[in-house]
Amino acid sequence: MNLLGYFRAQRNKNTASVAKERLQILVARERAQRGGPDYLPALQEELLLVIRRYVEVDQDAVQIQVDREGDCEILELNITLPDHQQGR
Amino acid sequence: MGKIVVVTSGKGGVGKTTSSAALATGLARAGHRTVVVDFDVGLRNLDLVMGCERRVVYDFVNVINGDANLNQALIRDKRVDGLYVLAASQTRDKDALTSEGVERVLDELRDQFDYVVCDSPAGIERGALMAMYFADDAIVVTNPEVSSVRDSDRVLGILSSKSRRAEQGGEPVKEHLLLTRYSPDRVKRGEMLSLEDVGEILSIDLLGVIPESQAVLNASNAGIPVILEDESDAGQAYADGVARFLGQERPLRFTDIPRKGFFGRLFGS
């Protein structure tokens with residue numbers, strides 16, 4: 001790189017680090033979506049049915065995610081209940 | 001029993017066929033009987049890069065369909081002993097590669113050869129999935145560029161869930177990263193992802209870094225696997241990759257810009 005190029009490069013943002021940041025976020029999200037076992041969608045569906053026997057919740061109230069930490073797999077289950085709960 | 005090695009990437013144009021040709025040639029040159037198989041049905045190209053396009057009589061699909069036997073379809077390389085090519089078919093029938101057919105041919109090949117190198121087509125459709133399914137080792141060819149890295153990660157996901165080894169619960173497919181079209185110059189200027197960046201994102205073992213090189217086009221123009229261009233940077237980088245694949249230690253080369261003198265830095269390009 002010559003002297004002129006040096007100053008030109010200073011003006012441009014470092015695009016490689018932007019690329020790296022975007023990729024890290026994207027890849028993490030895509031891995032989280034696919035990593036899980038095949039039965040996850042069915043499990044989610046059935047859990048939703050069971051919960052709805054007691055509480056009226058939205059279709060997207062049940063969130064399931066599988067995380068891996070080393071040799072350990074963690075099944076994370078998130079159920080969002082409505083603000084005012086009505087028992088049946 | 002030979003090893004099945006798939007060369008894959010997801011994205012097209014990153015150097016799968018160039019790399020398949022170079023690696024297979026390198027393995028054969030190291031004394032291992034090697035066959036390189038073109039899985040890109042409909043878009044045969046490995047024969048051109050290997051320089052044997054005029055000697056193709058029977059192809060992969062002919063062997064699967066029983067129109068020819070394996071020995072009729074294998075093309076012996078005239079430069080390197082123990083190196084053979086199995087060309088892809090030019091048929092437009094996408095279902096020509098049946099799972100049973102591919103398995104039978106690959107089984108037969110691994111009886112005869114030490115290494116069966118499978119040159120995968122781009123994408124994640126049938127041909128690509130078939131090339132990946134039976135693999136023992138996978139060489140993931142990646143350019144230091146966002147779409148290529150993303151697609152490589154996708155392909156790694158498929159290897160770890162949809163390959164035969166994954167389905168049968170055996171030892172996972174061994175994954176190797178081959179970074180191609182690398183410009184140390186642009187990395188230094190912050191314009192290109194570095195090999196450390198790509199390694200960090202994909203987190204697999206680095207097999208080699210191939211510099212962006214004029215030798216690659218020159219070699220494919222002539223139908224010579226670039227690894228046979230012993231003087232060229234790309235050829236030497238592929239040779240290092242083959243050595244590492246065979247378990248030898250080789251320091252990385254061509255990943256730093258050559259040092260310039262003071263005036264060079266001021267006035268050079």
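Things to note:
- At R0 = 41 Å, FRET efficiency that the Cβ-Cβ distance of A:GLU46 and A:LEU26 yields, to 0.05: 0.85
- Charge dipole (region B:111-269, unit charges on Cβ, about Cα centre) - positive-most of B:PRO172, B:ALA239, B:LEU252: B:LEU252
- Take the Kirkwood radius over Cα pairs of region A:18-70, plug it into Stokes-Einstein at 4 °C and 1.567 mPa s, and you get 98 µm²/s for translational diffusion.
- Square roots of five times the Cα gyration tensor eigenvalues for region B:136-261, Å: 27, 18, 14
- Altogether, the Stokes-Einstein calculation at 25 °C and 0.890 mPa s, with the Kirkwood radius of region B:63-218 over Cα pairs as Rh, returns a diffusion coefficient of 139 µm²/s.
- Charge dipole magnitude, Cβ of K and R +1, D and E -1 - chain B, Cα centre, debye nearest 20: 560 debye
- Distance distribution P(r), the protein assembly as shown, all Cα-Cα pairs, bin width 20 angstrom from 0: 27, 48, 21, 4, 0 percent.
- √(5λ) per eigenvalue of the Cα gyration tensor, region B:63-102, largest first, Å: 23, 11, 9
- Relative contact order of chain B: 24 percent, from C-alpha pairs under 8 Å at least 6 residues apart in sequence.
- About its Cα centre, region B:65-139 has a charge dipole of approximately 340 debye under the convention of +1 per Lys or Arg Cβ and -1 per Asp or Glu Cβ, with nothing else charged.
- Residue among B:VAL116, B:VAL105, B:VAL141 with the largest mean-square fluctuation in a Gaussian network model of chain B, springs linking Cα atoms under 10 Å: B:VAL105
- Cβ-defined net charge surrounding B:ARG126, 9 Å radius [Lys, Arg +1; Asp, Glu -1]: -1
- Over region B:189-247, the alpha carbon radius of gyration divided by the compact-protein estimate 2.2 N^0.38 Å works out to 1.28.
- Based on C-alpha pairs under 8 angstrom that are at least 6 apart in sequence, region B:1-100 has a relative contact order of 31 percent.
- Centre separation in Å (Cα based) which lies between region B:116-178 and region B:208-228: 23 Å
- Kirkwood hydrodynamic radius (C-alpha pairs) into Stokes-Einstein, region B:61-139, 20 °C and 1.002 mPa s, D in µm²/s: 159 µm²/s
- Cβ neighbours within 10 Å from other chains - mean over A:25-32: 3
- Cα-centred dipole magnitude for the protein assembly as shown, charges only on beta-carbon of K, R (+1) and D, E (-1), debye, nearest 20: 1360 debye
- Exposed loop sites here mean trypsin sites (Lys or Arg not before Pro) with a DSSP loop assignment and at most 10 other beta-carbon atoms within 10 Å; chain B contains its longest site-free run at B:93-258.
- For a straight C-alpha distance cut-off of 13 angstrom, the aspartates and glutamates reachable from B:LYS3 (same-chain residues fewer than eight places away being disregarded) are B:ASP107, B:GLU108, B:ASP111, B:ASP114, B:ASP136, B:ASP137.
- According to the Kirkwood relation over distinct C-alpha pairs, the hydrodynamic radius of region B:1-133 is 14.3 Å.
- For the listed residue pairs B:LYS78/B:LYS188; B:LYS162/B:LYS188; B:LYS16/B:LYS188, the alpha carbons are over 30 angstrom apart in B:LYS78/B:LYS188; B:LYS162/B:LYS188.
- Here is the P(r) of chain B: all C-alpha pair distances, binned every 10 Å from 0, give 7, 31, 36, 18, 5, 2, 0 in whole percents.
- Region A:38-78-region B:19-69 distance, computed between alpha-carbon centres (Å): 47 Å
- Selected from B:VAL102, B:VAL209, B:VAL117 as most flexible by GNM, with chain B as the system and alpha-carbon contacts under 10 Å: B:VAL102
- Options B:VAL85, B:SER160, B:TYR133, ranked by Cα towards positive dipole end of region B:43-181, top entry (Cβ charges): B:VAL85
Values quoted throughout were computed directly from the atomic coordinates according to the rules given, and no laboratory measurement underlies them. For clarity, every value in this text was computed on a predicted model and none was experimentally measured. Cβ atoms come from the backbone with ideal geometry, glycine included; neighbour counts cover every protein chain shown.
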